[in-house]
């Protein structure tokens, strides 16, 4: 609800059942962090990703996120608190809204599994979120996570996959993931592309701009 008129409309068409009232917040960007714990209780996090959505579907994740050191520390602390309170094993994806001007953070979603916004870790980190997930569950140690270089992951939605298949041969820096789904549907995640390094990132951004 944005205006008094919206309140009047709700009152005039009051729905039945249980309602949940949520405060409307002002945030500047959405980020996410993947976290797990080893069998020995050591906390492991992957670099924070900055996410952009298209029609409420994740479109891109850029790593590292362009946030202040204070916000980075706050998010790391949130990840540690959640991992400790849940006695976490396996990977947990945490989506957050941040407001850089007010230095505020809100947790938006918890995903108790490897998460789409963490797919960049397959190529951009020494240990992927998937390997970290299994290592945590079976009790294997997890080395400190390192980022190979700045990365960009882009989801291929609907028939974007078909365009990307044709373009792939001309983009040697692409790490192209085709999910092999039988039906191509608008807005459906059909695959993703990850690139590592600033030059490759600029190349992928140019391709994505051409899809619009």
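Taken together, the values in this text are just the output of simple stated rules run on the coordinates, not laboratory data. Note that this is a predicted model, so its numbers are computed, not measured. Cβ coordinates were reconstructed from backbone atoms using ideal geometry, including for glycine residues, and neighbour counts include every protein chain displayed.
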(Q) What number do you get for the stretch 139-179 when its Cα radius of gyration is normalised by 2.2 N^0.38 Å, N = residues? (A) 1.65
Q | the stretch 1-62: mean projected area of Cα convex hull, nm² | A | 7.9
**Q.** Label-point gap, in nm, between residue 111 and residue 11 - each point 7 angstrom along Cα→Cβ
**A.** 4.1
Q: List the extent of the Cα atoms of the stretch 156-212 along each of their three principal axes, largest first, rounded to whole Å.
A: 33, 21, 16
Q | Point-to-point label distance, residue 137-residue 57, nm (Cα→Cβ direction, 7 Å offset) | A | 2.7
Q: Do me a favour and compute the ellipsoid semi-axes for the stretch 51-99 from its Cα gyration tensor, root of five times each eigenvalue, largest one first, whole Å.
A: 22, 16, 9
**Q.** Mean separation of Cα contacts under 8 Å (6+ apart) over length of the stretch 24-149, as relative contact order %
**A.** 30
Q. Once you have the alpha carbon radius of gyration of the stretch 99-202, what is it after dividing by 2.2 N^0.38 Å, with N set to its residue count?
A. 1.26
**Q.** Förster radius 30 Å - calculated FRET efficiency between residue 179 and residue 101, Cβ distance, rounded to 0.05
**A.** 0.20
**Q.** Calculated [θ] (222 nm, deg cm²/dmol) that DSSP helices of n ≥ 4 give over the chain, each run adding -39,500 (n - 2.57)
**A.** -8500 deg cm²/dmol
Q.
Checking a compactness column here: for the stretch 1-117, what do you get for Rg(Cα) / (2.2 N^0.38 Å), N being the number of residues?
A. 1.28
Q) Considering every Cα-Cα pair within the chain, what fraction, in whole percent, is farther apart than 30 Å? A) 32
Q) In the P(r) worked out for the stretch 82-156, what percent of Cα pairs fall beyond 22 Å? A) 33
